[in-house]
Every structure is written in C-alpha cells, then in structure tokens.
Amino acid sequence: MDESQRFRVLVLSVVKHAYIPEAVAAHRQFELVAVADQVEVPDWIHERNQKFAERYAIPYLSDIAAAIEQYRPDVAVISSEAERHCELAVEAAKAGLHIVIDKPLSNQLEECDRLVDAVQSSGVRTLVWNRNFMPAVQQTLASVQAGRIGKLRAIHCDFYFAKDAGPLKGSRSANDPPLNWLKRQIDAHADGSDGAVGMHPMGELEVEGIYPLAYIRALCDAPVKSVFARTAAHFHQAHVDHAIDDLATVTLEMEGGIVGSLCLGRIGAASHPDLGAIKLHLIGSEGSLVVHESRPEVASFYRGQPVSEFPHRRVADQYEYLLMEEFATAIETGSETSLDVTAGREICRIVDACLRSARSGGVIQL
C-alpha cells in the first residue's frame with residue numbers, strides 16, 4: 001500500500017498551458033480539488049477555467065479566497081497570463097500554499113521580487129516549470145559531474161521551437177493595421193501556438209528563454225557576469241507589428257571564465273519534424289559533448305497523417321512526472337527544487353539584461 005502523502009491542489013487560472021495542471025494531476029501524490037480565479041478577469045478567461053474544471057469534474061470559483069477557505073488546498077498551480085503569474089502566486093504564498101508556476105516567472109522584475117519576498121516570508125516550496133529533467137539533459141549533467149569532459153570551458157544551446165505564430169512576416173499589406181496581440185493569442189489557443197498569452201506582447205526570449213538558460217544554469221552553476229544579445233522579428237508578422245523578437249542570440253560571460261551562448265526562436269511548424277531543433281554543445285578541458293535534447297525518439301509516418309502532427313516522437317520522456325516527484329519531495333522534506341522562484345527571478349534578470357543589450361547594442365553588466 002502506498003503511504004505517500006497526498007496534496008490537495010487548487011488550479012489558479014488555466015488560460016495558458018493546461019499541460020501543467022494536467023501533469024500535476026497525473027502524479028499519484030497530487031489531487032486537483034478546484035479551479036479558481038479573480039472575479040474581474042474577462043469572460044474568455046472564465047470560459048477557459050470553466051472548461052478545464054468540467055474536464056476534471058471539479059468546481060470553478062471566481063473567488064480565490066473563498067476557494068482556499070472552502071477546499072483547504074496544499075498547493076496552487078498557476079498557469080495564467082504571464083503578467084498575472086506573480087500576482088496570483090503572491091496570494092497563494094500568503095495563504096501558505098506551495099506553488100507550481102508556469103514560465104516565465106514574470107515580465108516585470110519588480111513583480112519577481114515581490115513574489116520572492118512573499119515566498120521567503122511564508123516558507124513554502126516553489127517550482128518554476130522547466131525541462132531540466134529531459135533524459136538527454138540529465139545524462140549530460142551526469143557526464144559533466146563525473147568529469148568526463150574535464151573542466152567546463154564553454155556551453156552553447158540551440159533552442160528553436162517549430163511552432164507557428166500567425167501570419168508570416170510580409171504576408172500582409174503595409175497599409176493593414178497591426179495585428180491585435182491578445183486576439184491573435186486567443187484565436188491561436190486551439191492549435192497551441194499561443195506562446196505569450198496576455199495583454200503585454202512578449203518575444204520569444206522572454207517566453208522561452210527560461211528553458212535554455214535553466215539548462216546552462218544546471219550544467220555549469222556559474223553566476224552570469226555580463227550579457228550581449230541581438231534580437232530580430234524574422235518570421236512572424238505579429239512580432240514585427242509589436243516590435244518584439246521571434247529570433248534571438250545571446251552571449252554570456254560567467255564566473256570562472258566560462259562562456260555561454262544560446263540561439264532561440266519560434267521558427268514555424270514546417271521547419272522541423274519534431275518540436276524543434278534543440279541541442280546542447282559543451283566544451284571542456286578534456287573533451288566535448290554534442291547532445292540532442294529530443295533523443296531518444298522514434299519516427300512515425302502513415303497515410304492520412306495530419307499536417308500538424310510531429311512525425312518524430314520523443315520516447316522515455318518522463319520529465320513532467322520527475323518534476324512533480326521532486327516537488328513532492330521538497331514539500332515533504334523542506335528541500336529545494338531544481339528551479340524555484342529565486343532561481344526563476346535570476347533568469348528573468350538575465351533576460352531583462354539581454355533585452356536591454358539588444359536595444360542598446362552594447363554589453364550589459366549584471
């Protein structure tokens with residue numbers, strides 16, 4: 001008989017990535033008990049929350065305080081628009097709830113600081129969603145820690161997501177009005193291309209930068225001293241219209257003389273047979289590694305295969321379950337998670353510096 005402790009989970013808004021509360025619910029120690037949100041949010045948010053609640057046959061309340069009082073949750077899972085992540089998480093922390101929070105932590109450093117303060121005051125455990133438990137990443141970490149390539153000198157990450165983002169750059173007339181960011185995100189929800197849901201337009205460096213930066217942080221654990229970045233709206237008209245990036249390059253100078261770099265972007269669904277070109281390159285004093293994040297994988301082709309289906313499929317991938325396993329252990333023992341809100345705040349600080357570097361054309365010291 002499984003004697004593991006079970007945790008009651010309140011889903012605080014689920015307008016962005018339903019896969020996060022789904023992953024929480026799939027773990028044997030977590031039980032979804034309700035969905036809640038702020039009463040003043042727009043109707044489309046209430047509709048998404050209600051639809052998710054109906055899928056899991058749990059209630060939806062447009063009153064967070066009432067939901068906490070009535071259902072006595074242990075954990076809050078937050079997958080709202082990015083600009084509300086910290087606001088909802090602060091409310092959860094003040095209520096003593098442990099927190100699983102979608103990325104990015106926030107698009108405002110001041111909000112990150114407010115959340116870190118609330119978490120430190122309450123003593124709750126936190127997990128910022130990440131991909132560090134991908135099998136290839138874990139094997140790379142084991143190789144580095146075992147000294148297989150000697151002392152790490154440099155690390156590079158390619159992180160290209162093979163997803164669309166509406167009309168292609170140049171596909172609309174110069175006289176057309178700018179695409180409405182929020183409307184495009186709401187419309188794109190059906191096909192999963194709504195990467196930055198919310199009122200505030202966000203580029204790919206803000207939205208996806210946490211993934212490669214979390215890899216680099218895990219593999220070398222060296223504070224970043226300075227950054228230099230370049231960004232462009234290369235593929236998608238919505239990004240052009242709102243002067244945000246869908247393609248970016250970043251160079252990092254880290255303590256101990258380590259050099260880091262990354263290239264990332266949202267490069268369109270037709271560009272790759274898998275989720276995207278995601279690869280790690282590590283150079284050490286005694287050797288080097290080139291790692292495909294997608295491995296192991298299989299390829300599947302058949303008649304009538306939907307255009308939207310990735311022919312290449314990852315296998316042996318339990319990263320979501322392992323994240324929740326780590327989180328359960330953190331709650332039970334008081335240990336830290338591999339990416340808590342303090343680490344998430346540091347990544348937001350690096351991203352903010354990268355965006356300032358791209359605007360100024362110069363190196364930004366942290």
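Just so it is clear, none of the values below were taken in a lab; they were calculated from the coordinates. Bear in mind that the values here come from a model prediction, so they are computed numbers and not experimental data. As a convention, Cβ positions derive from the backbone with ideal geometry for all residues, glycine included, and neighbour counts pool all protein chains shown.
Using a cutoff of 8 angstrom between alpha carbon atoms and counting only pairs six or more residues apart, the relative contact order for the stretch 7-124 works out to 27 percent. The shape of the stretch 67-211 comes out oblate: with a ≥ b ≥ c from the C-alpha gyration tensor, a/c is at least 1.5 while a/b does not beat b/c. The residue among GLY166, TYR321, ALA57 whose Cα reaches farthest toward the positive pole of the charge dipole of the chain, with charges on the beta-carbon of Lys, Arg, Asp and Glu, is GLY166. For the chain, the relative contact order comes to 20 percent (Cα pairs under 8 Å, sequence separation of at least 6).
The modelled label-to-label distance for the pair VAL259/SER360, using points 7 Å beyond Cα in the direction of Cβ, is 2.2 nm. Our estimate of slack between GLN108 and VAL39, defined as 0.36 nm per intervening residue step minus the Cα-Cα distance, is 22.5 nm. Computed from the Kirkwood radius of its Cα pairs, the Stokes-Einstein diffusion coefficient for the stretch 7-124 at 20 °C and 1.002 mPa s stands at 154 µm²/s. Measuring max minus min along each principal axis, the C-alpha atoms of the chain give extents of 57, 55, 50 Å (largest first). Ordering 335-348, 201-214 by mean Cβ neighbour count within 10 Å, with the highest value first, yields 201-214, 335-348. In this structure, the residue pairs whose Cα-Cα separation is over 28 Å, taken from LYS51/LYS183; LYS103/LYS169; LYS16/LYS169; LYS169/LYS225; LYS163/LYS279; LYS94/LYS163, are LYS169/LYS225; LYS94/LYS163. Computed from point charges on the beta carbon alone (+1 for Lys and Arg, -1 for Asp and Glu), the dipole magnitude for the stretch 1-57 about its Cα centre is near 120 Debye. Entry note, the stretch 226-331: relative contact order of 16 percent, from Cα contacts under 8 Å with a spacing of 6+ residues.
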